[in-house]
Amino acid sequence: MIWAVAAAVWITLASGVYLCLSRDVFRVALGLAVVGAGVNLALLASGRLGAGLPAVVPKGEQLLVGASNPLPQALVLTAIVIGFALVCFSLALVLGLIRDAGTDDALELRAAEPVPGDEVKPPQTDPAHAPDWPPEGRP
Amino acid sequence: MSALATAPAIVPLAAAALVTVVRSRPALQQAVAVVGILVLLACALALLAQVLTGETLVVAFGGWPAPMAIEFVVDRTAAALVVITALMGAAAIVFLASDADVGNGHPLLLPLLFGVLAGAGGAFVTGDLFNLYVWFEVMLICALGLLAIGGRVDQLDASFKYLALNLLGTLLLLFAVAAVYGVTGHLNFAALAAAAPAVAPGLWLAVLTLLTLAFLVKAGAFPVYAWLPASYHTLPAPVLALVAGLLTKVGIYAVLRTLGDVFSPAPGVLHELLGWVAAATMLFGVLGAAYHWDMRRILAFHIISQVGYILLGIALASAAGYAATLFYTLHHIIVKANLFLIAAIIWRLTGSYDLRRIGGLYVARPWMTLLLLIPALSLVGIPPLSGFWAKLLLLEEAIGQGRVVWTVVALVVSVLTLYSMMKIWMEAFWKRHPDPDWQPPVNTRLGPAWAATVGLAGVTVWISLYPQALLVYAQAAAATLGGR
Amino acid sequence: MTSRIVILAVVARPLYLVILLASVWVLLRGHDEPGGGFIGGLMAVSATILWAVAHGTAAARARLPLGDALWPAVIGLLLAALSGVPGLLGGGAYLTHLWWTLALGPAELKLSTVLLFDIGVYLAVWGALAGYALALLAVDERDQPGGAP
């Protein structure tokens, strides 16, 4: 069981990281959400797997037998809530960014960067050192 | 009395809610913010007075027994950082009343500012690893909000980069928290300290490396600092000063708290690696700063460089090193925030952050030179300013441990720091303004800006001339670390 | 409002009330059964989103408590923060919760500061997430030819 969960965690993390490495900013946002899901799964597995009973002592009993560890479940709930808020924020941000910047290509998002050619870094006059930005021949 | 320990998180949260309620009336919002920050400052000073008696305040939420409860623990280290947090908040809020690059007056700016203060305060006082993660997330969301509310394209661009890299950092932290819980079954710092020796060394090293790496992303250390210079310079000046002063230091505090206190003694190889990371952070940060002409970018790269110094103290893994780290952190937060605020005043007077387009300030505002030189030379470490004492403490310990390479790097980086600061002075003050008709604007509203910067410079001068008080405090604080 | 679906617009009115009632039921049920403020708040958000899809985001925003998303969020936050204070005044730690049981004839009413906390969470979740959702939906509305600018 734990090996299946471990495999699931790593597959989720790998897919999330793969999406994050994309140049499409929307995919990056989705990738972060997927990575978050993988981490949450790992957090859930940090208790112990197997028992599925709620950690509530039944009426009339004194001992709790075979219940799952409630703490990782509480932690993962908190993490999901926080992750949910961040995913909401990142989607709103990405939508606004794509709308205002007019592109969803991370390489063309240079508004906050000093690029050769902007006012902070004037282009070099020697054509041998002329800036190749944005790189030509991109699809 | 122990309920006071909740104040660093609860007071700013309550203030954030209240300034949101009155957001439609800017003057009232400003007044509520001032009251809120004064209450926070008073609570922080009361906490300081409490820990000065040698007492450590512990409050367990909901009255649950240890180690189940989420605890807030205020020791000397935490109390000093909470005081500095409140002080930075006060400086930023005072500065907001001026007209020097304070942004578009968005009604949610003050709530988010208090949110950042709550996140930092909570992270400083919490005694629970998962709770620490939550406060990091509070800080992240509020800092992102502050970046995004300006609405300019460069701000959205910056917040996207900040989001992508920092979110990966917090997810790494969450993963590390899961791993720590998986191998020890605890999250409370005291219980973790007790449970750590029983874990297999190899496993423990892997878990701690993961945890440290996550905090280093937050601290802006080499090679995971790229988010910092990509985003900070788009913030309005008072917010920038607060964020630049505090946020990376919370990451450093978390490294100090884990490696130096909770999991002490941490594996030696981790401290060794941290030392080389610190040296690289110093060097790469200062080289980035030397390249730029925009004052905000220069100062943002200097944050990274100075983070290297502070991490070096943790890498030395001794009480003297930790004392130097604490001293350096406290000195650096004030100096760095002050430099950003002064850069905003320069912007208001000369019209640009780009050093090539400005000048002539020495003729126009001779006294402002002194105001710049106090934090600038303190950042470099010229005696007798506060940075000198911080570096002296740090390098004395480094040489004492025979760390020649790290010491040499630190000294070379100091010279390069001096180069950057002299660049600002030569270009903005000494040379003539490129526009021969330039006159400093007359109808400025800089009174609050002067008050904030002179106040912070006063604190720097006080540390410079009387370092003994802070030094004794830092040493006493370091002596209690690792004593669980 | 360009091409709103008529059936949805008509059905939305009773559904909105039903979802809100169900969310309150889930909130109160959280006292000693699965449920609680967070889940209840999420259900309330879904009601708001339904109204936004049926009648537009401006109308959905106006139907939120006090007419804006920030108000419930702030009031909820304050309520949750204040719910810890009675325990503090009673001599316990902050967030130490107190329970009372009122006997009302045959039935009994359970009151607690936890309930106060839960209502705070409910309002905060409703306000915050509805704010996000409405902002995202408003982006879509601007794209439509006859939508708000």
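The values are calculated or read from the model by the stated rules, or taken from the named source; none is laboratory data. Model, not experiment: these values are computed from the prediction. Neighbour counts are summed over all protein chains in view; Cβ atoms, including those assigned to glycine, are modelled from backbone coordinates with ideal geometry. Heavy atoms of the whole protein, side chains included, go into the accessibility calculation; ligands, DNA and RNA do not. Shrake-Rupley method; radii C 1.70, N 1.55, O 1.52, S 1.80 Å.
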So which of B:Phe136, B:Phe160, B:Phe175 ends up being within 7 Å of chain A (Cβ to nearest Cβ), of a type outside the set (Asp, Glu) and either crowded, with 24+ Cβ neighbours inside 10 Å or part of a loop (DSSP other than H, G, I, E, B) (or both)? B:Phe160
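Among the residues of region B:299-325, how many are open to solvent by 10 Å² or more (accessible area, probe 1.4 Å) and either closer than 19 Å to B:Gly400 by Cα or basic (Lys, Arg) (or both)? Show your work before the answer.
Taking region B:299-325 as the starting set, the residues that turn out to be open to solvent by 10 Å² or more (accessible area, probe 1.4 Å) are B:301, B:317-320, B:322.
After this cut, where a residue has to be either closer than 19 Å to B:Gly400 by Cα or basic (Lys, Arg) (or both) as well, the list is B:317-320, B:322.
Summing the residues that are open to solvent by 10 Å² or more (accessible area, probe 1.4 Å) and either closer than 19 Å to B:Gly400 by Cα or basic (Lys, Arg) (or both) in region B:299-325 gives 5.
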Look at region A:89-103 and say how many of its residues are touching a residue at least 40 places away in the same chain (Cβ under 8 Å) and either more than 9 Å from chain B (Cβ to nearest Cβ) or aromatic (Phe, Trp, Tyr) (or both). 2
Quickly run through region B:420-437 and pick out the residues that are surrounded by fewer than 17 Cβ atoms within 10 Å (Cβ to Cβ) and in contact with a Gly (Cβ under 7 Å, 6 or more places away or on another chain). B:Lys431, B:Arg432, B:Pro434
Have a look at B:Val269, B:Val239, B:Val217 and point out the one that is surrounded by 24 or more Cβ atoms within 10 Å (Cβ to Cβ) and among the β-branched types (Val, Ile, Thr). B:Val239
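Regarding B:Leu38, is this residue away from every other protein chain (no Cβ under 14 Å), farther than 27 Å from B:Phe189 by Cβ, open to solvent by 50 Å² or more (accessible area, probe 1.4 Å) and touching a residue at least 40 places away in the same chain (Cβ under 8 Å)?
Details: away from every other protein chain (no Cβ under 14 Å): yes; farther than 27 Å from B:Phe189 by Cβ: yes; open to solvent by 50 Å² or more (accessible area, probe 1.4 Å): yes; touching a residue at least 40 places away in the same chain (Cβ under 8 Å): yes.
Criteria met by B:Leu38.
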Considering only residues that are modelled with pLDDT under 90 and in a helix (DSSP H, G or I), which ones fall in region B:370-394? none
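So which residues in region A:1-52 are outside any loop (DSSP other than H, G, I, E, B) and closer than 21 Å to B:Leu187 by Cβ? Full working, then the answer.
Restricting attention to region A:1-52, the residues satisfying the condition of being outside any loop (DSSP other than H, G, I, E, B) are A:2-20, A:24-45.
Residues satisfying the conditions are A:Ile2, A:Val5, A:Val9, A:Gly36, A:Gly38, A:Val39, A:Asn40, A:Leu41, A:Ala42, A:Leu43, A:Leu44, A:Ala45.
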Counted residues in region B:178-195 being of a type in the set (S, T, N, Q) and either within 7 Å of chain A (Cβ to nearest Cβ) or outside any helix (DSSP H, G or I) (or both) come to 1
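Can you tell me which residues in region B:163-172 are more than 9 Å from chain A (Cβ to nearest Cβ) and open to solvent by 10 Å² or more (accessible area, probe 1.4 Å)? Even if it seems obvious, please write down each step before you answer.
To start, the set of residues in region B:163-172 that are more than 9 Å from chain A (Cβ to nearest Cβ) comprises B:165-166, B:169.
Across region B:163-172, the qualifying residue is only B:Leu165.
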Which condition number in (1) touching a Leu at 6+ places or on another chain (Cβ under 9 Å); (2) open to solvent by 20 Å² or more (accessible area, probe 1.4 Å) is the one that C:Leu89 fails? (1)
Flagged pairs (Cβ under 6 angstrom, 6 or more apart or on separate chains; first in region B:360-388, open to solvent by less than 60 Å² (accessible area, probe 1.4 Å); second outside any helix (DSSP H, G or I)) are B:Gly360/B:Arg432; B:Gly360/B:His433; B:Ala364/B:Pro440; B:Leu377/B:Leu385; B:Ser378/B:Leu385; B:Gly387/B:Gly381; B:Phe388/B:Gly381
Pairs needed: first member in region B:213-225, closer than 12 Å to B:Asn166 by Cβ; second member anywhere, open to solvent by 40 Å² or more (accessible area, probe 1.4 Å) and among the aliphatic types (A, V, I, L, M); C-beta distance under 8 Å; at least 6 residues apart or different chains. B:Ala214/B:Leu172; B:Val217/B:Leu165; B:Val217/B:Leu168; B:Val217/B:Leu172; B:Val217/B:Val224; B:Val224/B:Leu165; B:Val224/B:Leu213
Take C:Gly40 and tell me if it is on the phi > 0 side of the Ramachandran plot and either at pLDDT 80 or above or open to solvent by 20 Å² or more (accessible area, probe 1.4 Å) (or both). no
Considering only residues of region B:280-298 that are open to solvent by less than 10 Å² (accessible area, probe 1.4 Å) and under 14 Å from B:Tyr225 (Cα atoms), which is nearest to the other protein chains (Cβ to nearest Cβ)? B:Ala289
